[in-house]
Every structure is written in structure tokens, then in C-alpha cells.
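First up is the structure itself, then whatever we jot down about it.
The values are calculated or read from the model by the stated rules, or taken from the named source; none is laboratory data. For clarity, every value in this text was computed on a predicted model and none was experimentally measured. Methodologically, a virtual Cβ is constructed for each residue, glycine included, from the backbone with ideal geometry; neighbour enumeration extends over all protein chains shown.
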Amino acid sequence: MMTEAMPLWVEQREEVAVFTELAVEWRGLLRRSVVDTIFLTPEFQRVWWEHFGHEGQLLMLLARDPAGTLQGIAPLFASTEAGQRLLRFVGGVDVSDYLDLIVARGHEEAVYRAFMQYLCTEAPPWDVLDLHCLPDHSPTRSGLLCQVCRECCPEGVEALPEQPAPYIPLPGKWEAYLDALDKKQRHELRRKLRRAQGEALLRWERLSDPAGLEEAVETFIALHRASHPEKEAFMTDAMAAFFRDLARALFPMGWLALYTLWLDERPAASLWCFDYGADLLVYNSGFDPRFRPELSPGIVLMALCIQDAIARGKARFDLMRGGENYKYRFGAREGTVYRLTVRCPRVAGTRAMPSA
């Protein structure tokens, strides 16, 4: 379909091949968007869909201008819950921290209008557009999409905070980072680093050799499961398979930063991070609880990762979704992700949206 306000052609794709066929174009559009995040790359989205999309129907919308240039992607899928047809982001909620519509910067209103007009007139019937994990700087949550949605669904649009997403803005030097911490936390962090280095043979590394990828991933999975009963429950065989395939997809791109800490030559802690753009994003962690608590392997490795991120010139150490206290002890500032829901009205079995 072609929209009237700005000539954008919307195409619907439902086959899995779209992730690989459009990969180069997709990444190019992502770089031109406001929300350029690892979770919206075709590589991450493809792996998620292959592992968790089996109960849904892919509903990928592409918006192109008359020259054929890709200006927007709505990476959606449809599923049915409690009798309602839901449209959600590919990436889900459990393993993706930031999701969004992918829209060329400066073309947000035209693309949002094109997508909503398509959803309200030509897409398969749906009841709720349920968009999780929108970053606080997303134009999608800032009002533009809400404004367009209200034209289609005047009484069914709601945008609310969903979860904290703390982050640490990084200075140029490690000492400057320490100086910015609360005095007590600065003292505690230095003390933990000295104790770990003084009471055990400490070694840590960020994986760089592809030959070591499988071993490093298995070490992470084992430490993740060992660190807490809730993490053990999370890391099912199916979830472990997802992490393995994600590592295989992202490591060749340079986007996987897998850190491991050894104490006395035994794996003590592991951090699964993403190195993407100017950010180092902490995705998940694990540690061996058999080590003496005062050695604090998880805290020590987190501090070493921050130090490494600063040395690599990163601007932001992103601790992502979840308001756990330890994040703020590292000096994190408050971020937020939002949830936008749009309820589709049914009038005599039809849906309509006024033209712009």
C-alpha cells in the first residue's frame, strides 16, 4: 500500500529469510535511526525468532520511499493469548532489553503513519499492539506514534514506564570514574579489588580468539546456573541453546564481549556483554558461589569490565533493565524503558484510519 501524505510503500513479509535477505539494508537503516541497539540488529532478531518464534506468525512491515530506499521496519509478530490477537516486537520481553520500530531519523511521523494506516486497513485482524522495552529516548514513545495511533484508536492508547534501565556515563579515565562515586562506595570497590588481587591468583580476560568461543560460552552457562536458583531456572536447555547460537552470530560481528575471571586458576565469574557502538552493555552474569564471599568475584569482574570499557573509549556502560541495588552502587544513573499499548477498535467488523 502507498500512503497519501508521503509516498511510502509498505510491504508485509512473513518468511524467516527476511532477516538474512535484508541484513545489509537493515543494518544501514539501523545506523540512520535514533534507537540503534544490538537487540534490533537482524542477527539478534533472527536468532531470537529461530528459538522463540515458533508459536507466533512473523509480521514484518517494510516502508520504502519511491526510490526504493528502506525508511522503516516494524519487526512484529502476531500471537493469540486469552482469545486476543496480539502484535508484539520480535525479540520478546524475557531476553531483549531495548526494542523499537526502526525508522530513519527525521522520517518518524511519515513512517509511523504509514505503518498504522497499514495495520488499520490491510494487515490481518489484531486486537492489541503491545510494544515493550521502548528506550526513554525513543521517538516511538515520546508522543509521535501516540499521536498517530490516536487517529486510528482514539481511546485505546497508553504509554507507561515499564522498568528501570540504569546506565553509567563513562569518563575518559578510570580514576575519574572512581572520583565520581560516593566516598563509601569508592572505598569499598578499591578494597574489594585489593583483596581479590592479594588473596588469590587473579586472572581475567575478554575473549578475543574465536577458537575459545565454545569453551567461554559453556563456562558462562555453568557459572550462570550455579550463581542462583532463579538463574538456574532461567537457563533451561532451550535458553542455553539460544545463548550458544547468539554467540555464534554476534562474535564474528565484533559485538560479543565475553569476560571471564579466574581465581586460583578456577573460573569464578563471567559477564556476557555486548560491545555495540559507543556502549558496552551488560547482558547477563554468573559466578561460582563456592568462593569466599569476601573475594566478591562478581563485583570484581564488573569493576574490571568498567575499567576495560573506559580504556576502549566507550561512552556508556549500560546495565540495562532491572533496578537491582548493585547497579547504583557502581554509580549508575536512572534510565527507563516504556510499554506502549494500542487497542484496535472494531466498528461493524471494520477498521479505519483517516488519511493525513
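For segment 87-130, the set of residues classified as polar (S, T, N, Q) and modelled with pLDDT under 95 consists of 117, 121, listed by residue number.
Within the set 27, 105, 31, the sole residue that is without any contact (Cβ under 8 Å) to a residue 60 or more places away in the chain and touching a Ser or Thr at 6+ places or on another chain (Cβ under 8 Å) turns out to be 27.
Matching residues to (1) small (Gly, Ala, Ser); (2) farther than 21 Å from residue 334 by Cβ:
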| site | (1), (2) |
| --- | --- |
| 158 | no, yes |
| 162 | no, no |
| 173 | no, yes |
| 180 | yes, no |
| 199 | no, yes |
| 203 | no, yes |
| 206 | no, yes |
| 213 | no, yes |
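Taking strands (runs of 3 or more DSSP E) as the structural unit, those lying wholly within segment 254-330 and holding at least 1 residues that are among the β-branched types (Val, Ile, Thr) and assigned by TED's automatic domain parsing to the domain that holds residue 228 correspond to 256-263, 279-287.
Among the numbered criteria (1) in contact with a helix residue (DSSP H, G or I) (Cβ under 8 Å, 6 or more places away or on another chain); (2) modelled with pLDDT of 95 or more; (3) closer than 21 Å to residue 268 by Cα, which single criterion is violated by residue 178? Of everything listed in (1) in contact with a helix residue (DSSP H, G or I) (Cβ under 8 Å, 6 or more places away or on another chain); (2) modelled with pLDDT of 95 or more; (3) closer than 21 Å to residue 268 by Cα, residue 178 misses just condition (3).
Could you check, for segment 27-43, whether at least one of its residues is in contact with a Pro (Cβ under 6 Å, 6 or more places away or on another chain) and at pLDDT 95 or above? Yes, there is a match, as at least one residue in segment 27-43 is in contact with a Pro (Cβ under 6 Å, 6 or more places away or on another chain) and at pLDDT 95 or above.
Considering every residue within segment 322-329, establish whether at least one is in contact with a strand residue (DSSP E or B) (Cβ under 7 Å, 6 or more places away or on another chain), among the basic types (Lys, Arg), in contact (Cβ under 8 Å) with a residue 40 or more places away in the chain and under 20 Å from residue 164 (Cβ atoms). For segment 322-329, residues in contact with a strand residue (DSSP E or B) (Cβ under 7 Å, 6 or more places away or on another chain), among the basic types (Lys, Arg), in contact (Cβ under 8 Å) with a residue 40 or more places away in the chain and under 20 Å from residue 164 (Cβ atoms): absent.
Each row is one residue, and each column tells you yes or no for (1) in the same structural domain as residue 43 (by TED's automatic domain parsing); (2) of a type in the set (A, V, I, L, M); (3) in contact with a Leu (Cβ under 6 Å, 6 or more places away or on another chain); (4) crowded, with 21+ Cβ neighbours inside 10 Å.
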site	(1), (2), (3), (4)
58	yes, yes, no, no
63	yes, yes, yes, yes
77	yes, no, yes, yes
83	yes, no, no, no
87	yes, yes, yes, yes
96	yes, no, no, yes
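If I filter segment 131-160 down to residues being in contact with a strand residue (DSSP E or B) (Cβ under 9 Å, 6 or more places away or on another chain) and either of a type in the set (Val, Ile, Thr) or in the same structural domain as residue 303 (by TED's automatic domain parsing) (or both), which single residue comes out as modelled with the lowest pLDDT? Once the filter is applied, the top-ranked residue is 157.
Filtering 280, 340 for residues that are surrounded by 20 or more Cβ atoms within 10 Å (Cβ to Cβ) and at pLDDT 95 or above leaves a single hit, 280.
Residue-by-condition table, conditions (1) surrounded by fewer than 21 Cβ atoms within 10 Å (Cβ to Cβ); (2) over 17 Å from residue 302 (Cα atoms):
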residue: 197; (1), (2): yes, no
residue: 209; (1), (2): yes, yes
residue: 214; (1), (2): yes, yes
residue: 237; (1), (2): yes, yes
residue: 246; (1), (2): no, yes
residue: 249; (1), (2): yes, yes
residue: 274; (1), (2): no, no
residue: 284; (1), (2): yes, no
